[in-house]
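None of the figures in this text is laboratory data; all of them are computed from the coordinates on show. Since this is a predicted model, take the numbers as computed values, not measurements. Here the Cβ is made from the backbone with ideal geometry for all residues, glycine too, and neighbour counts use every protein chain on show.
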Ligand code: ATP
Ligand code: MG
């Protein structure tokens, strides 16, 4: 491709709305242009990268025996009503005006409907179906360029099995394929235990990349063995010890005491004797959750226990429900609430909590004796430096970007849509499903986040839009122009993808800057002085290493360089 004819609208200035390097560089290098908030056009250079990503994803999905199909983006809203996901997606789901259709944000419903109509027997399974297709999500804060768009390409796949063991196999195949995809795309990633969220299901893992600009928070053990999204992360807290306390509940006057720290100081007790109440609204009754001391409740864990979204109850409503303000609320004698407690408080006695009366607390609470606790669960938010639950060292809390997600859905969708089959004994059973997604533009943005410097993008060989940028400097020299033209065809014939900066009216300084910005792995520079000595210069973008090669050996040298890099990614 000749740069003089190629539509690559590069810009020098950093776009005002672009806060992260990948967003800045994708716009500056002319790969993409915004069309609306969270909606991007992929220009020719960007599309070449996207096609490289698609090629890798397709190869790895085919390798595990997945079959490619293409499902429509328009989806009957009725299917989504039947699985309850019109509410679950809420504002994120794009509805069409005047037609009972939505723009699909994912495809479990459509796949499950296909399974319902066409999978009749256990003999029809296992199946793994995948597609590479546009998804639509009305993201509330589309930001960071293509990292979070309102329209984006996803590789989504779905496994259909007769048994949970079959699902385990399909899930493991995907975990393997994902590891290969992200390694081949040159991304340093880790796998984290994750919450199934609004998708429902029995288990899931996220493929993540550590990044300051990530919207997810993860807990990682320093040894690197444990990694989990904060929504499910736990730490080794050890069982709580309780000393029997037969004293009856008694009221303590605690004037002006609002916080747990103040209460501990006022009573002269340790934090583990204090049960703090936090109140949330879920689907039904308000929920009071007891946490130990200053332990922070994790809303995602609560939402997953309740199976519905939750929000904290506002101060005013709290007062009308309990008769007290935030710091004085407690579980004893409280009616009209679902009362839950954190796992650390299991078996708790001799505890202090709010009296539902401002400036008063209750002491000597025995949870089993004095409160109607409906369940103990892990609701706690883990903290930096706590020990990983698997003994792999202290935890570090970091921000991360989700690259891909694999879910064991189980029979949730099959149950909702009636997708059943006849098992070996001729009995009807629901299809066991898995669902697996990867954001394709997000792979590109993440690759750039990890592979760039102050001058521009530093493409890894597998995603690079071209292998080589060929630069002719000294435009007036006929020898330079002729040699550059000859090398352009020679390299092309040798199967090397070359972007030829043949612009006659552009100075060497601009050409070098553009080549660094666009970031092809290898630059071949034809200059007057070197050429007079029969030499051509090669610059490796990643290391900045320069070498001079005899004209006759140039193509062979470049070929070697490009192939070596390809193999490194392909291992
Ligand atoms: P996130 O938490 O980042 O919103 P998600 O949990 O909604 O992601 P999934 O529904 O699991 O994501 O979608 C599968 C994959 O699609 C994600 O792992 C991610 O790579 C990609 N993806 C999701 N939302 C977007 C988006 N708005 N823009 C670009 N890619 C996205
Ligand atoms: Mg999302």
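Miscellaneous remarks
- Pairwise Cα distances in the range 390-439 exceed 17 Å for 61 percent of all pairs.
- Spatial separation of Cα centroids for the range 74-102 and the range 163-181, in angstrom: 29
- Secondary-structure-derived ellipticity at 222 nm for the chain, considering helices only, amounts to -8500 deg cm²/dmol, per-run term -39500 (n - 2.57) for DSSP H runs with n ≥ 4.
- Applying 1/(1 + (r/R0)^6) with R0 = 41 Å to the Cβ-Cβ distance of residue 239 and residue 425 gives a FRET efficiency near 0.40.
- Theoretical gain in end-to-end length, residue 62 to residue 267 [0.36 nm per residue, Cα-Cα removed]: 67.3 nm
- Taking other Cβ atoms within 10 Å as a rough exposure proxy, 174, 253, 361 sort from fewest to most as 253, 361, 174.
- Counting only Cα atoms, the range 275-406 measures 47, 31, 24 Å along its principal axes, largest extent leading.
- Note on residue 317/residue 252: beta-carbon distance plugged into 1/(1 + (r/R0)^6) with R0 of 30 Å gives a FRET efficiency of 0.70.
- Pair-distance distribution P(r) for the range 463-571, from all Cα-Cα distances in 5 Å bins starting at 0: 2, 13, 25, 27, 21, 9, 3, 1, 0 percent.
- Distance between the 7 Å Cα→Cβ label points at residue 118 and residue 533: 6.5 nm.
- Taking one quarter of the surface of the C-alpha convex hull of the range 470-527 gives a mean projected area of 3.6 nm².
- Calculated FRET value between residue 346 and residue 141, using beta carbons and R₀ = 51 Å, to 0.05: 0.85
- Per-peptide packing, taken as the mean over residues of other Cβ atoms within 10 Å, places 215-222, 115-122 in the sequence 215-222, 115-122 from highest down.
- Distance between the range 43-73 and the range 238-313 - C-alpha centres, whole angstrom: 50
- When both the range 522-545 and the range 119-140 are represented by their alpha-carbon centers, they are found 49 Å apart.
- Kirkwood-type hydrodynamic radius, the range 124-228: 16.0 Å, calculated from all non-identical alpha-carbon pairs.
- Counting DSSP beta bridges with both ends in the range 453-571, the antiparallel % (nearest 5): 55
- Rg(Cα)/(2.2 N^0.38 Å) for the range 29-111, N = residue count: 1.40
- Taking every alpha-carbon pair within the range 140-194, the share separated by more than 15 Å comes to 67 percent.
- Exposure proxy for 467, 245: other Cβ atoms within 10 Å of each Cβ, ordered fewest to most, give 245, 467.
- Inter-label distance for residue 39 and residue 7, nm, one decimal - labels placed 7 Å from Cα along Cα-to-Cβ: 1.8
- Bins of 10 Å, starting at 0 and running to the largest distance - Cα pair percent for the chain: 3, 15, 20, 20, 17, 13, 7, 4, 2, 0, 0
- Its Cα gyration tensor gives the range 416-522 an equivalent ellipsoid, and the semi-axes of that ellipsoid, as √(5λ) in whole Å with the largest first, are 52, 18, 9.
- Alpha-carbon geometry of the range 1-74: the Rg and the Dmax are 15.8, 46 Å, given in that order.
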